[in-house]
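Here's the structure we're looking at; comments come further down.
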Amino acid sequence: MKRAALFFGVSVAACAVAETWFVDSERGDDAASGMSEATAVRTLDQVNRLDVKPGDRVLFRRGGLWRGTLRPRSGESGRPVTYATYGTGAKPILQQSVDRSRPEDWVQEGADIWATRPRTPPVVKERIRDAAALLAGWSGSFQEGNRGAVRTVAEGGERFVRVTLDKKVRAAANLLQLWGPRVENLPEAALLRLKVRTTKPFRLEGLRLSLNRPPWTTALAGRAPRTGIDAEWRTLEVLLSRPGDLGDGWFHFSIGDVMPEGAVFDFVPLGLWRLEVRKEETIPTDVGIFICDHGAAWGVKKWCNPDWEKPWPNATKLERDLDFWHDPVDERVFVKYPRNPGTAFTSIELALTRHIVNENGCHDVVYDGLAVRYGAAHGFGGGSTRNIVIRNCDISWIGGGLQFWKKDPKTGKVAYPVRYGNGIEFWGACHNNLVERNRIWQIYDAALTNQTNHDPRWETDVTWRDNVIWQAEYSFEYWNHDLRSFTGNILFEHNTCVDAGFCWSHDQRPNPNGAHLMFYDNAAPTTNFVVRNNLFVRTTDRSTRFFNDWRVKDPAARDGLEMDRNLYWIPENLVCEYHVNGRERRSGNSKIRLEPGKWGAGAAEFARYQAEFGLDRGSVYGEPQFVDEAKRDYRLKPGSFGSDLATDGGPLGARGMPGLDRDQSREREG
């Protein structure tokens, strides 16, 4: 029988029979078929293994809770794979955190210092790969002008891999990557013994086994001992653990930041052994948020790195209650508190630095009605996406994990840690994506963003509409750095954005920077980028921040940014802040048509912004009245200012959103 399927406004005839899969976190069984409610599967790992085909639906039982990463399958044009819900009750929750709520989860390590339990020493089991198998197939990737070689050498009756770095243009880890042989059927944990030496001392850091192609997913990851390596052979033991459900991977480590120019680095993999560990005891992945009682209180993250020459003041000291830091070597979290945290709070969730939904490389996928929370990377993250729909989802308490240690490009020394995390991010190339009727709150960086860096990527036909956002550092962020890229047909419309910067992360950021619209450098040619019919209410710093001028220059061509019919209520701080970035100023770019400026709070400053900056000519300034702001019901009251000012004569802000069915931000669920 033929059925008509509607995907992003396109009607397509589909005749193939689609399956429906059921997932139940309480009564499911991973050995079951998943083809009915009675035979539902249980875990996210099993969901990721299901043989899902285009047109299929994967339904999560309402009221359930799952921990881990969802790795969606792609559909095809007109036949998306849908991840949605069945049953009654609260939205099904996907979260990327570990529960440490019990008093026995904590041990005292000093005066008012508590830590998660130490690992039980692992037991080394059988060897799964010998030296001969691990010595073959090594290659190197030298990028951005760095030059060198990777080859197998025989010397003194011994064979080993030799890496030479003849020229080092810039110090960045990814500019020298070493790739080794593939290992299949990886265990949950493994021990790698690695014999190493170098003509110029440095310290080897992370090693992993991962996919050698996008999305570059990690199968096993570990850190080398903190001791450096020098001209004498020494053997390192690296404990590797599995962060997800990927069972195969290629050896990989990036040393472009630590290996000195002119160095010769030799290594021999001596073997790989399976480890028997009690994985639930330790926390190998960085923790970005320490969440108490579902947001009633939270911790402030501190840092430690032995190569950090000039750390921030008191960076590693736990001085105030709920100051915490994650030890990546011993895989523990330390926190300051006057008594056992497990007796002080009903719930303690430690958010891990992994995406909750990793849709890297995915296309033709619909997500509907999910609650995505407690993850220290992105809620929905991934690059090279197309035909994605995210609707009716709740995304909360996201970000704050360690992305990388920023290093001085001249010395290669650690300068400071970089944290990250967005609610929904489309990274790099993206096309025909729709995000609508979602609620997003308590986000480290941006609630919503499409962005890309220094590679040519096209970002086209992305619509963000009818979303309600509160307490994110940025409500919406955009940038596209590469002149060879292109951005077109981006619509940010009918969104309600409240209290930018008033979030858990603001005061612990290195750059407190609250804004509803954060427009970093946009060098890419841009057409038809429209921001209209939105509500922007209160901010810690400014409502809009520009780092270069990409306003429309030719109205007929719509060659840039247009903003109109928005409502602003910024009683304190700035309506707009505009910079001229250093690249444009140094180049004498003729496109610079406006000197840097700031436009403050209040109606008079808003009118000056409209006149001088030339955007938001049809927008208004005034205070909206919400149905029940205390309960996060941000619908406009009938007759409120802004209720008849949209381009169609209707209300500004999010529409088609029901009243808040229940406030999940403070509930004990699961």
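The values are calculated or read from the model by the stated rules, or taken from the named source; none is laboratory data. Since we're looking at a predicted model, the values are computed, not measured. Here the Cβ is made from the backbone with ideal geometry for all residues, glycine too, and neighbour counts use every protein chain on show. Areas reflect the complete protein model, heavy atoms only, side chains present, ligands, DNA and RNA absent. Shrake-Rupley method; radii C 1.70, N 1.55, O 1.52, S 1.80 Å.
Probe radius 1.4 Å, ligands and nucleic acids ignored: give me the carbon and sulfur share of the accessible area of the chain as a rounded percent.
Working: 13070 of 27200 Å².
Carbon with sulfur: 48 percent of the solvent-accessible area.
Taking +1 at the Cβ of each Lys and Arg and -1 at the Cβ of each Asp and Glu, which of Val258, Thr82, Tyr416 sits farthest along the dipole of the chain towards its positive end, judged by Cα position relative to the Cα centre?
So the residue we want is Val258.
As a test question: what accessible area, to the nearest 10 Å², does Lys637 have when a 1.4 Å probe is rolled over all protein chains in place?
Result for Lys637: roughly 90 Å² accessible.
Say R0 is 51 Å: what FRET efficiency, to the nearest 0.05, do Glu572 and Trp233 get from their beta-carbon distance? Could you put the intermediate results ahead of the total?
Values: r = 63 Å, r/R0 = 1.23.
FRET efficiency, Glu572 to Trp233: 0.20.
With a probe of 1.4 Å, find how much accessible area segment 327-454 has per residue, and write the answer as a whole number in Å². Walk me through the intermediate numbers first.
Values: 3340 Å² over 128 residues.
Ligands and nucleic acids excluded, the result is 26 Å² per residue.
Tabulate in residue order the Karplus-calculated ³J(HN,Hα) for segment 248-257, using 6.51 cos²θ - 1.76 cosθ + 1.60 with θ = phi - 60°, rounded to whole Hz; enter x for Gly and Pro.
Values per residue, Gly and Pro as x: 10, x, 9, 4, 7, 8, 10, 10, x, 8 Hz.
Can you compute the charge dipole magnitude of the chain about its Cα centre, using +1 on each Lys and Arg Cβ and -1 on each Asp and Glu Cβ, nothing else charged? Give it in debye, rounded to the nearest 20.
Numbers: 90 positive and 88 negative charges, 249 e Å.
So the magnitude is around 1200 debye.
Would you list which aspartates and glutamates come within 20 Å of Lys410, measuring only between C-alpha atoms, while excluding same-chain residues fewer than 8 positions from it?
Glu144, Asp166, Glu205, Asp257, Glu261, Asp307, Glu309
May I ask you to give the solvent-accessible area per residue for segment 183-293, in square angstrom, as obtained with a 1.4 angstrom probe?
Working: 4100 Å² over 111 residues.
It amounts to 37 Å² per residue over segment 183-293.
How would you order 639-648, 539-548 from highest to lowest mean count of nearby Cβ atoms within 10 Å?
Numbers: 639-648: 15.8, 539-548: 23.5.
Descending packing order for the listed peptides: 539-548, 639-648.
Taking a probe of 1.4 angstrom, what is the accessible area of Glu184 in Å², to the nearest 10?
Approximately 90 Å² for this residue.
Please determine, in degrees from 0 to 90 and to the nearest 10, the orientation of helix 603-613 with respect to the longest principal axis defined by the Cα atoms of the chain, where the helix direction is its Cα long axis.
Computed tilt is about 70 degrees.
What is segment 377-433 by shape, rounded, prolate or oblate, if you read a ≥ b ≥ c off the alpha carbon gyration tensor as root eigenvalues and call it rounded for a/c under 1.5, prolate for a/b larger than b/c, and oblate otherwise? Write out the running numbers ahead of the final one.
Working: a/c = 6.37, a/b = 1.92, b/c = 3.32.
Since a/c reaches 1.5 but b/c is at least a/b, the shape of segment 377-433 is classed as oblate.
Could you derive backbone 3J(HN,Hα) for segment 286-293 from the dihedral phi with the Karplus parameters 6.51, -1.76 and 1.60 (θ = phi - 60°), listing whole Hz in sequence and x where the residue is Gly or Pro?
Ordered by residue, 3J(HN,Hα) equals 3, 9, x, 9, 9, 9, 10, 6 Hz.
So what J values fall out for segment 494-501 if you push phi through Karplus, 6.51 cos²θ - 1.76 cosθ + 1.60 with θ = phi - 60°, rounded to Hz, Gly and Pro as x?
Karplus values, whole Hz, x for Gly and Pro: 6, 10, 9, 10, 10, 6, 5, x.
Suppose a student asked you for the relative contact order of segment 344-452, using Cα pairs under 8 Å spaced at least 6 residues apart; what percent would you report?
Answer for segment 344-452 is 27 percent.
Need one number: nm distance between label points at Thr120 and Arg162, each 7 Å from Cα along Cα→Cβ, rounded to one decimal.
About 4.6 nm, to one decimal.
Once you have the Cα-Cα distance between Phe404 and Glu26, take 0.36 nm times their residue separation minus that, and quote the gain in nm to one decimal.
Working: separation 378, 0.36 × 378 = 136.08 nm, distance 3.67 nm.
Stretched fully, the Phe404-Glu26 segment lengthens by 132.4 nm.
Quick check on the chain: helices-only [θ] at 222 nm, where DSSP H runs of length 4 and up contribute -39,500 (n - 2.57) each and the sum goes over total residues. Nearest 500, please. Kindly include the intermediate steps, with their values, before the conclusion.
Values: 5 runs with 32 residues, N = 670.
Calculated mean residue ellipticity at 222 nm is -1000 deg cm²/dmol.
List the pairs from Lys302/Lys631; Lys167/Lys195; Lys168/Lys413; Lys91/Lys301 whose alpha-carbon separation is above 23 Å, in the order I gave them.
Listed pairs above 23 Å: Lys302/Lys631; Lys167/Lys195; Lys91/Lys301.
Going by average Cβ neighbours within 10 Å, how do the peptides 388-397, 261-270 rank, with the highest at the top? Don't skip to the end; give the middle numbers.
Numbers: 388-397: 24.4, 261-270: 19.3.
The most tightly packed comes first, giving 388-397, 261-270.
Sort segment 255-386 into rounded, prolate or oblate with this rule: let a ≥ b ≥ c be the square roots of the eigenvalues of the Cα gyration tensor; rounded if a/c is under 1.5, and if a/c is not under 1.5, prolate when a/b is larger than b/c, oblate otherwise. Before the final figure, lay out each step's value.
Working: a/c = 1.70, a/b = 1.10, b/c = 1.54.
Oblate, because a/c is 1.5 or more while a/b does not exceed b/c.
Rounded, prolate or oblate: pick one for segment 410-538, where a ≥ b ≥ c are the square roots of the eigenvalues of its C-alpha gyration tensor, a/c under 1.5 means rounded, and failing that, prolate if a/b is larger than b/c, else oblate.
Working: a/c = 2.10, a/b = 1.04, b/c = 2.02.
It is oblate, given that a/c is not under 1.5 and a/b is not larger than b/c.
Once the chain is represented by equal point scatterers at the alpha-carbon sites, with solvent omitted, what log10 I(q)/I(0) does the Debye formula produce at q = 0.10 Å⁻¹?
Taken in order of the listed q values, log10 I(q)/I(0) reads -1.03.
Amide H of Ala601 versus every other amide H placed in the peptide plane: which residues, excluding those fewer than 5 positions away on the same chain, fall under 5 Å?
Placed amide hydrogens put Asn573, Val575 under 5 Å from Ala601.
Using modelled amide H (1.01 Å from N, peptide plane; none on Pro or chain starts), what sits under 5 Å from the amide H of Thr85, excluding residues fewer than 5 places away?
Those lying under 5 Å, H to H, from Thr85 are Phe60.
For a quick check of understanding: with a 1.4 angstrom probe and all protein chains in place, what accessible area in square angstrom does Lys200 have, to the nearest ten?
The value for Lys200 is about 80 Å².
Using amide H atoms built 1.01 Å from N in the peptide plane, name the residues 5+ places from Ile395, or on other chains, whose amide H lies under 5 Å from its own.
Counting only residues 5 or more places away or on other chains, the set is Val372, Arg439, Ile440, Trp441.
Compare the peptides 206-212, 629-635, 561-567 by average per-residue count of other Cβ atoms within 10 angstrom and give them in order, highest first. Write down the numbers at each step before the final one.
Details: 206-212: 19.3, 629-635: 16.0, 561-567: 21.7.
Ranked from most to least packed, the peptides come out as 561-567, 206-212, 629-635.
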